[in-house]
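Asks: Quick one: the structure is below, questions incoming.
Laboratory data are not the source of any read-out in this text; all were calculated from the coordinates shown. Here the structure is a predicted model, which is why all the values come from computation and not from measurement. Cβ placement follows ideal geometry from the backbone for every residue including glycine, while neighbour counts extend to all protein chains displayed.
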Amino acid sequence: MNWFPGGRSRRLFVASQLTCLVAGTVGLTACVEGAPSTPLSSPSVTDGTSSAAVIEAAVPAAAAVEHRTYELPNSVVQVVTVPPQSDHTLAVVWSVDLATLSQQAQAAGAIAAINAGFFDPQNGLTTSFVIVDGAIMADPRQNPRLIENPDLQTILPAILNRSEFRIYNCADGVEYDIATHGAPIPAPCTLVDVVGAGPQLLPALTGYEEGFMADNNAGERVRDALGSQWPNARSAVGLKADGTVVLAIATQLRDADRATGLTLAQMAEFLASLGVTKALNLDGGSSTALYFDGHTDFGKLDAEGAPIERPIKSVLVVR
């Protein structure tokens, strides 16, 4: 399938000799149009406008943390990219009590953030592992509604070994990866932060292996915890081969006479079109939100078409 990413963008720059953040608009590029061949093809791309002036000499444009908006037939996808040469790095943030994405992002001094791990809205406890600075901050094994659920006993080992976004401290600096919880830590790296979610979207969808999906002996779907085949608000984090990190949310459309958003397969396809080679699905639906330069976009709409802002457990931040 042909994709035509490109277009205008807004970027944030940081001067390494400064302690303050300098933001602005810069670097408009042409939007390449193409005739849509499927419901997902040929997204158009628009830009946002940042409120502060830009100092273009501070850092080359290639080091900018960039935001782009992709308008697809069934969703608007908001994307933040963090290039490997950027002075900004990612970190995991979590809340003992649930808090909104913007609250957690601003408290962390983030320039960008995305909702991350799963949690139980009934008791506020995590269903994903969260590690910060090498210590387990949130442990799904301590959630009785998960561990003692009789319907989940046969797939509990898979649930506790779901995929996660990892932040390492290695010989050459900070590195990122997506791996299952039980995967070994590569030598000589040290594990710093982790947030669990899942399933993996790229290089392949791992919904069955991670206990999100199951079929009966007749091949009929009997479990689909994420509604993977239905359009919905989605959140994901991806990695390109050069180390670029991609944060993306698929949002629902207002005033639509159909279900909108993306399926998991469509989200994977979109990320692949951007050059992402590894991708992890994050908590979606009402949790979906992306923060950039003081503004938050939300993925899920209520019955009146208003965006839903939901308190969440864990967040991936860029700072």
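Asks: At 7 Å along Cα-to-Cβ for each site, give me the label-to-label distance between ASP120 and ASP255 in nm.
Replies: Going by the 7 Å Cα→Cβ label model, 4.2 nm.
Asks: For LYS313, give me every one of the lysines with a C-alpha distance below 19 angstrom, ignoring sequence neighbours fewer than eight places off in its own chain.
Replies: LYS300
Asks: Hey, another quick one. What FRET efficiency would be calculated for the residue pair ASP87, GLU148, taking the C-beta separation as r and a Förster radius of 41 Å, to the nearest 0.05?
Replies: Given R0 = 41 Å and the Cβ-Cβ separation, E is 0.35.
Asks: Another question, if that's okay. For segment 192-220, list residues with backbone N below 19 Å from a point placed 7 Å from the Cα of ALA265 toward its Cβ?
Replies: Flagged as within label range: 199-216, 218-220.
Asks: A follow-up question, please. Within the set of other residues whose C-beta is less than 14 Å from the C-beta of VAL194, count the net charge using Lys and Arg as +1 and Asp and Glu as -1.
Replies: Once all neighbours under 14 Å are counted, the net charge is -3.
Asks: What lysines could a cross-link reach from LYS240, if we take a straight Cα to Cα line under 17 Å and drop same-chain neighbours fewer than 8 places away?
Replies: Filter leaves LYS278.
Asks: Hey, what do the phi angles of segment 100-108 turn into as Karplus ³J(HN,Hα) couplings, whole Hz, using 6.51/-1.76/1.60 and θ = phi - 60°, x for Gly and Pro?
Replies: Once θ is set to phi - 60°, the couplings for segment 100-108 become 5, 4, 5, 4, 5, 5, 5, 5, 8 Hz.
Asks: Stick to Cα atoms and the Kirkwood definition of Rh, then tell me Rg/Rh for segment 176-286.
Replies: We get a ratio of 1.01 for segment 176-286.
Asks: Here's a follow-up. Could you work out how far the C-alpha centroid of segment 148-183 sits from that of segment 76-144, in angstrom?
Replies: Using only Cα atoms, the two centres lie 14 Å from each other.
Asks: Quick one: 3J(HN,Hα) in Hz for segment 214-227, Karplus 6.51/-1.76/1.60 with θ = phi - 60°, rounded, Gly and Pro as x.
Replies: With the stated coefficients, segment 214-227 comes to 7, 10, 8, 5, 8, x, 8, 5, 10, 9, 8, 4, 10, x Hz.
Asks: Karplus couplings for segment 229-246 from phi (6.51 cos²θ - 1.76 cosθ + 1.60, θ = phi - 60°), rounded to Hz, Gly and Pro as x?
Replies: 8, 10, x, 7, 5, 9, 10, 7, 10, x, 10, 8, 4, 8, x, 4, 9, 10
Asks: For ILE312, enumerate residues with amide H under 5 Å from its amide H, sequence gap 5+ or separate chain, H modeled in the peptide plane.
Replies: ALA99, THR100, LEU101
Asks: How long is segment 278-319 along each principal axis, judged by its Cα atoms, biggest number first, in Å?
Replies: 33, 24, 20
Asks: Mind giving me the FRET efficiency for ALA303 and ASP242? R0 is 41 Å, r the Cβ-Cβ distance, nearest 0.05 is fine.
Replies: 0.45
Asks: Extending each Cα 7 Å along its Cβ direction at ILE155 and GLN103, get the distance between those two points in nm, one decimal.
Replies: Spacing of the two 7 Å Cα→Cβ label points: 3.1 nm.
Asks: Hey, quick one: spin label on ARG141, modelled 7 Å out along Cα-Cβ, who in segment 178-209 has an amide N within reach, i.e. under 12 Å?
Replies: 182, by backbone N distance to the label point.
Asks: Tell me, what are the semi-axes, in whole angstrom and largest first, of the equivalent ellipsoid of segment 125-223 as set by the roots of 5 times the Cα gyration tensor eigenvalues?
Replies: The three semi-axes for segment 125-223 are 28, 17, 9 Å.
Asks: Please list the non-local residues whose amide H lies under 5 Å from the amide H of VAL276, H modeled 1.01 Å from N, same-chain partners needing a gap of 5 or more.
Replies: Amide H neighbours of VAL276: none.
Asks: Size of segment 66-318 along its principal axes in angstrom, Cα-based, largest extent first?
Replies: Per principal axis, max minus min of the Cα coordinates gives 49, 40, 34 Å.
Asks: Bin all alpha-carbon pair distances of segment 251-316 at 5 Å intervals from 0 and give each bin's fraction as a whole percent.
Replies: Once binned at 5 Å, the Cα pair distances of segment 251-316 give 3, 14, 22, 23, 22, 12, 3, 0.
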